[in-house]
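S.K.: Quick one: the structure is below, questions incoming.
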Amino acid sequence: CIQTTGAGADAEPPELADGIIIDPGLGKNGTTFTVCFSAKEELDRDPIVQVDTGAGLANLTRLQDIPALCNGSAWAYSYTADISKDAAGTRVLSVNLVDKALNPADGLVLGSFELDFLPPSLSSNLLSSSVASTSQGVTVDLVFSESLAGVPAVSMMAEGETSDLNWSLDSATADQNFTFSYAPTGDETETSYVISVRAEDPAGNVLETTLN
């Protein structure tokens, strides 16, 4: 007995449509990534979307309500980065599809996102003077280990006080070298001040430190 299929039978595996969205493309511990996509044909069941964590594959969660950012995609999934499970670096996303004719397509690559778990660090800091007066301001040159999301903040506070005194940005270069200055007005308390620096990288990791 020989069984044959009709000429119109579907023997081709399903394919992904254009317009795959992965948002954001870069994140830190706790960042939730949204993945949006469609197939070129109707599917028999929910796709299985997975991410390579660096230690194995982990399933993403299907979103019943498609977010607006998906721009009309048929499917949306989410994944929250966890530093205890995920390795830093490029994390590749894949999907398994099954069409109405039960043709499978496993391991189709959707794209990737980047994970960065480390805050920026100060490569160097140089204070022009340890003493400032109304006739002599003070500057500090800061060099960071990586690109920042915006301009860092520099401030100082005297022991026992509750409000910061903000420093002014004098210059910034593409290689993450920033110069800040403070010009005393004469209204400050004559005492020692602790200088604080706050900086954030594009993944959202924050450095908060004081200068010695």
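S.K.: What's the total number of residues in the range 127-141 that are surrounded by fewer than 11 Cβ atoms within 10 Å (Cβ to Cβ) and touching a residue at least 24 places away in the same chain (Cβ under 8 Å)? Outline the logic, then answer.
M.R.: Quick first cut of the range 127-141, residues surrounded by fewer than 11 Cβ atoms within 10 Å (Cβ to Cβ) only: 130-131, 135.
Checking which are touching a residue at least 24 places away in the same chain (Cβ under 8 Å) leaves us with none.
Going through the range 127-141 one residue at a time, the tally reaches 0.
S.K.: Where residues in the range 159-178 are surrounded by 12 or more Cβ atoms within 10 Å (Cβ to Cβ) and either farther than 27 Å from Thr189 by Cα or among the aromatic types (Phe, Trp, Tyr) (or both), which of them is modelled with the lowest pLDDT?
M.R.: Gln176
S.K.: Tell me whether the range 181-191 contains one or more residues that are open to solvent by less than 50 Å² (accessible area, probe 1.4 Å) and not in a loop (DSSP other than H, G, I, E, B).
M.R.: Yes, the conditions are met somewhere in the range 181-191.
S.K.: Return yes or no: is Ala68 modelled with pLDDT of 95 or more and at negative phi? It would help to see each step written out before you state the result.
M.R.: Working: modelled with pLDDT of 95 or more: yes; at negative phi: yes.
Yes: the conditions hold for Ala68.
S.K.: Has the range 193-203 got at least one residue that is of a type in the set (S, T, N, Q) and assigned to a loop (DSSP other than H, G, I, E, B)?
M.R.: Start the filter on the range 193-203 by keeping residues that are of a type in the set (S, T, N, Q), which leaves 196.
Remaining after also requiring assigned to a loop (DSSP other than H, G, I, E, B): none.
Checked against the condition, which is being of a type in the set (S, T, N, Q) and assigned to a loop (DSSP other than H, G, I, E, B), the range 193-203 yields no hits at all.
S.K.: Return the residue satisfying two criteria in turn: it lies in the range 67-112 and is over 21 Å from the mean Cα position of the chain (by Cα) and open to solvent by 70 Å² or more (accessible area, probe 1.4 Å), and of such residues it is farthest from Glu42 (Cα to Cα). Full working, then the answer.
M.R.: The first filter runs over the range 67-112 and keeps only residues over 21 Å from the mean Cα position of the chain (by Cα), leaving 71-75, 95-108.
This time we only want the ones that are open to solvent by 70 Å² or more (accessible area, probe 1.4 Å), so: 71-72, 100, 102, 104, 106.
Working: Asn71: 18, Gly72: 15, Lys100: 7, Leu102: 11, Pro104: 13, Asp106: 16 Å.
Looking at residues that are over 21 Å from the mean Cα position of the chain (by Cα) and open to solvent by 70 Å² or more (accessible area, probe 1.4 Å), I get Asn71.
S.K.: Out of the residues in the range 114-126 that are in contact with a Leu (Cβ under 7 Å, 6 or more places away or on another chain) and part of a strand (DSSP E or B), state the one that is surrounded by the most Cβ atoms within 10 Å (Cβ to Cβ). Lay out the reasoning, then the answer.
M.R.: Initial filter on the range 114-126 (in contact with a Leu (Cβ under 7 Å, 6 or more places away or on another chain)): 114, 116, 119-122, 125.
Restricting the remaining residues to those that are part of a strand (DSSP E or B) gives 114, 122, 125.
On the way: Glu114: 14, Leu122: 15, Asn125: 17.
Among those residues, the one meeting the criterion is Asn125.
S.K.: Just checking, does the range 1-22 include any residue being surrounded by 11 or more Cβ atoms within 10 Å (Cβ to Cβ), within 20 Å of the chain's Cα centre (by Cα) and more than 17 Å from Leu108 (Cα to Cα)?
M.R.: No.
S.K.: Where in the range 46-103 are there strands (runs of 3 or more DSSP E), lying wholly inside it, with at least 1 residues that are of a type in the set (Val, Ile, Thr) and under 19 Å from Gly27 (Cα atoms)?
M.R.: Numbers: elements: 48-52, 57-59, 75-80, 89-98.
By residue number, 48-52, 75-80, 89-98.
The values are calculated or read from the model by the stated rules, or taken from the named source; none is laboratory data. Predicted model, so just to flag it, every value in this text is computed and none were measured. Here Cβ is always computed from backbone atoms with ideal geometry, including for glycine, and neighbour counts include all displayed protein chains. Remember, those area values only see protein heavy atoms, side chains included, never the ligands or the DNA or RNA. Shrake-Rupley method; radii C 1.70, N 1.55, O 1.52, S 1.80 Å.
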